[in-house]
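Peer 1: Have a look at this one.
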Amino acid sequence: MPGQRELQNEFSWSKSRDGVFNTCLRAYYYHYYGSWNGWRHDAPSDVRELYVMKNLQSVPMWTGAVVHDVVRQAVQALGEGQPLPVDLALVSAGQRMQRDFEESRTGRFRRRPNRMCGLLEHYYDLPVTNESLQETMISVGGCIKRLYGTSSYQKMLHLGPNSVVEVEKLESVPLCGCKVWVSPDVIVRSKDDSLMIVDWKTGGSAFSEATRLQLAIYGIYAVQTYGASPQSLLAVEENLRLGEEHVYPLKEWVLEEARKHVESSIRKMQALLHDRVRNIALIRDFPMTDNLVACMGCRFRRACERA
Ligand code: SF4
């Protein structure tokens, strides 16, 4: 379109990027380079297809996305002084799931893969039975009901709307000479000005190293953005599926470890670039993994002919 500026593929870092990089270099290439510009109407068909694959979600990922979306609505409503009743939150989740499922089943998501839900199971012709769908809906409902009983939600309710500092804001923070993307689920301010970073989880495990790293990076963001001191920072993982709560103190050494991890990860990613200044990567430098277990759950297995 005349006058429209082309988006530049600038190098940046995120925890999820790090995860893909460490799982399979070919998947990393497809995700961050091969599918670039795939949203354009004039994109070559193979680039467009990689872009469609990049945006697919498995049923567990979809479950997490729906829960996060409804929890965000509930916390935002609380921050506006009008808490969302649990029955309305459940209705909202049910409607969203029905809409998502139809967009995926009918293939409508292909029109706007980044805005509509495309399930990996539909794309790869895997069965999604009514029973498993029912189970997913029950699981989502359980997570939403548990939200209202968590100590984090109760704390925000008790402290009032002004305690909600930000909710799922996509922001970046400069780190190791690079833009690092962050999106904490909620940041809560207590009466004594200390900050609590809350991370909602819907998976079957809790208290992992990956979560510790993620929360430490959010801690760095909170220090840089709100001038918080590590002594007055706390992170909480609320596992809404398991009904568990885990507290992570964000001491200075924890933040320093996270900084070192980010720096080393950036270095490894940039070492594989063909042109580091222009952020250009060549597929030949990003081999397919030998770990076929990783392929089984991968969005790109059609591109690799491992479907
Ligand atoms: S299918 Fe396997 S080799 Fe191909 S991108 Fe996915 S994980 Fe990597």
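Peer 1: Taking every pair of alpha-carbon atoms in segment 1-59, what share in percent sits in each 5 Å bin, from 0 to the bin with the longest distance?
Peer 2: 4, 16, 23, 25, 17, 9, 4, 2
Peer 1: Taking each full run of DSSP H in the chain as one helix, which ones are at least 15 Å long along their axis (Cα atoms) and have mean Kyte-Doolittle hydropathy of at least 0.5?
Peer 2: Helices meeting the span and hydropathy rule in the chain are 59-79.
Peer 1: Would you calculate, for the chain, the mean residue ellipticity at 222 nm contributed by helices, counting each DSSP H stretch of 4 or more residues as -39,500 (n - 2.57) and dividing by all residues, to the nearest 500?
Peer 2: Value at 222 nm, helices only: -14500 deg cm²/dmol.
Peer 1: With the Cα gyration tensor of the chain in hand, convert its eigenvalues to equivalent ellipsoid semi-axes via √(5λ) and list them largest first in whole Å.
Peer 2: 32, 27, 18
Peer 1: Next question. Is segment 129-239 best put as rounded, prolate or oblate by its Cα gyration tensor, with a ≥ b ≥ c the root eigenvalues, rounded for a/c under 1.5, and otherwise prolate when a/b is larger than b/c, oblate when not?
Peer 2: Oblate, since a/c reaches 1.5 and b/c is not below a/b.
Peer 1: Here is a further query. Taking only Cα atoms and a 10 Å spring cutoff, compute GNM fluctuations for the chain and point out the largest among GLN214, GLN76, GLN231.
Peer 2: GLN231
Peer 1: So for segment 170-307, considering every pair of alpha-carbon atoms, how many percent are separated by more than 21 Å?
Peer 2: Counting every Cα pair in segment 170-307, those more than 21 Å apart make up 56 percent.
Peer 1: Which lysines does LYS260 reach when only Cα atoms under 20 Å apart count, and residues fewer than 8 places away in its own chain are ignored?
Peer 2: LYS15, LYS179, LYS251, LYS268
Peer 1: Shifting gears a bit: Please check: in the Gaussian network model of the chain (C-alpha springs, under 10 Å), which one of VAL165, VAL52, VAL70 has the largest mean-square fluctuation.
Peer 2: Ranking VAL165, VAL52, VAL70 by mean-square fluctuation puts VAL165 first.
Peer 1: Under the rule of at least 5 residues apart or a separate chain, name every residue whose amide H is placed under 5 Å from the amide H of LEU175.
Peer 2: Those qualifying (amide H under 5 Å, at least 5 residues apart or on another chain) are VAL180.
A short reminder: the numbers here are calculations on the coordinates, not readings from a lab. Please read all numbers here as calculations on a predicted model, not as lab measurements.
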